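Structure first, then comments.
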Amino acid sequence: MIKLFAMLPIIGMVFFVQSFNLQAQSSPDQPPVKEEAVTEKNEQGQVFTIVEEQPEFSGGVDALMKFLSENLTYPPDAREKGIQGTVFVTFVVEKDGSITDVRVLRGVATSIDEEAMRVIKAMPNWKPGYQRGEPVRTQFNLPLRFVLDAPPPPKDALQERS
C-alpha cells in the first residue's frame, strides 16, 4: 500500500506532462483551433501537438526523472538570491527521436531558464511520437521545477534536542 502511495506523485507528473498543452488564444471572430491541428509547418515537415502515441524518454518516466536529477544544476546566482520556480520548456521530438527547437514557454530567471534549456538539449534521443503508425515530429512540453533545499537547522537547535 505504501508503494502505491509513493507512486502517486510520479503518476500525477506523467498525466500533467502529457496533458500540458498551451493553446494560443483565438480572437472571437476566428473559429477555435481543433486539438488535432498542426502547430507549425516548415521545410522539415509538420509538427504535431496531439498524436496517437506520445513521444517517450528512453526508459520511461523513471529514467527521465533520473536523467534530470543527475544533470540539472542549480545556478549559483539563483541559489544565492533564493530564486525558485517552475520553468516550462517546449521542444520538438523529431522522427529519429532527437530533440530540436528547445524554447522556454514560461521562465523563472535567466540563469535557471538557461540551465533548463541546457539539460533538455543534452538529453539522449527519445522514442518518437507516432501518428497512423508513422513516426512524426511532435511538440512536447515539460515542466522543470527548481526548488532550494531547506537550510540545515542551527547547531544550537540540534544540541537542545539531545
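Highest-first packing order for the peptide set 131-137, 71-77 is 131-137, 71-77, based on the mean count of other beta carbon atoms within 10 Å.
To the nearest 20 debye, what is the magnitude of the charge dipole of region 59-129 about its Cα centre, counting +1 on the Cβ of each Lys and Arg and -1 on the Cβ of each Asp and Glu?
It works out to roughly 120 debye.
List the relative contact order of region 47-147 as a percent without decimals, with contacts defined as Cα pairs under 8 Å and 6+ residues apart.
Working: 194 pairs, mean separation 42.3, N = 101.
Relative CO of region 47-147 lands at 42 percent.
Lysine pairs in region 47-147 8 or more apart or on different chains: how many have alpha carbons under 22 angstrom apart?
Details: K66/K121; K66/K127; K95/K121; K95/K127.
Lysine pairs satisfying the spacing and distance rule in region 47-147 number 4.
Dipole orientation for region 47-147: of the candidates G133, F67, T90, T90 has the Cα lying most toward the positive pole (charges on Cβ; Lys, Arg +1; Asp, Glu -1).
Looking at region 47-147, the DSSP beta bridges with both ends there are about 90 percent antiparallel.
Please compute the net charge surrounding S111, taking Lys and Arg as +1 and Asp and Glu as -1 over other residues with Cβ under 15 Å from its Cβ. Mind dumping the intermediate values first?
Working: positive: R79, K81, R118; negative: D77, E80, D113, E114, E115.
The answer is -2.
FYI, it's all coordinate maths here, none of it is from the lab. Bear in mind the structure is a predicted one, so any value in this text is a computation, not a measurement. Virtual Cβ from ideal backbone geometry, glycine too; neighbours counted across all protein chains shown.
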